[in-house]
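Read-outs throughout are calculated quantities, based only on the coordinates presented, and are distinct from any laboratory measurement. For clarity, every value in this text was computed on a predicted model and none was experimentally measured. Backbone-built Cβ (ideal geometry, glycine too); neighbour counts: all protein chains shown.
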Amino acid sequence: VITHFEGINNIITYQVPGEEEQSVKVELPADEPQWNPLGIRFDPSGNLVYTDTTEDLHSVHVIPAASLSGDLSQYNPQVASFGSQGKAKDQFDFPQTAVMDGDGNFYVSDGNNSRVDVWTPDMQYKTFFGFGSSVNGALNLPRGSWMGRGGCLHVADAVGSLVRVYDISGDEPALAFE
């Protein structure tokens with residue numbers, strides 16, 4: 001469970017059930033811009049997945065579970081990242097949350113692009129749905145998302161004041177209900 005996420009000082013504080021709370025400072029290279037994490041969660045494998053809205057960056061990052069154990073005073077994980085800022089189909093504009101399906105695909109609520117972007121487990125762009133796609137149930141400002149049972153992706157739409165549920169179990173996402 002994430003107990004605190006402080007972007008200003010690049011500190012993640014979390015607690016594994018049954019263990020003491022731990023804090024991790026993520027060291028960024030000196031030439032990197034200020035870190036602006038937004039959505040954060042652990043995936044089913046224990047990897048830490050978070051979105052970053054740092055100006056001119058807008059991306060998703062994955063810290064391997066193995067980096068989150070042991071002596072965290074020497075913490076310097078290898079962080080895998082994908083995405084960049086922009087309006088193109090393989091870019092983000094204010095990514096909100098990232099969730100994974102049972103096959104390891106990433107579903108990123110792309111706030112200002114009004115869509116959900118889909119990336120493969122090896123972090124390659126796959127497709128998108130929501131605003132401007134052929135899928136019914138366009139999104140206005142997707143925020144939080146959650147992967148439910150049976151291949152259902154729940155997406156909170158802040159402007160639409162609703163939660164849309166997409167069936168992602170087939171070849172193409174389909175609006176299940178809202």
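Could you check the simple spin-label distance between LYS89 and ASP43, using points 7 Å along Cα→Cβ, in nm with one decimal?
About 2.3 nm separates the two model spin labels.
Residues in the range 80-114 near a label at VAL165, defined as backbone nitrogen under 20 Å from the 7 Å Cα→Cβ point?
99-103, 107-109
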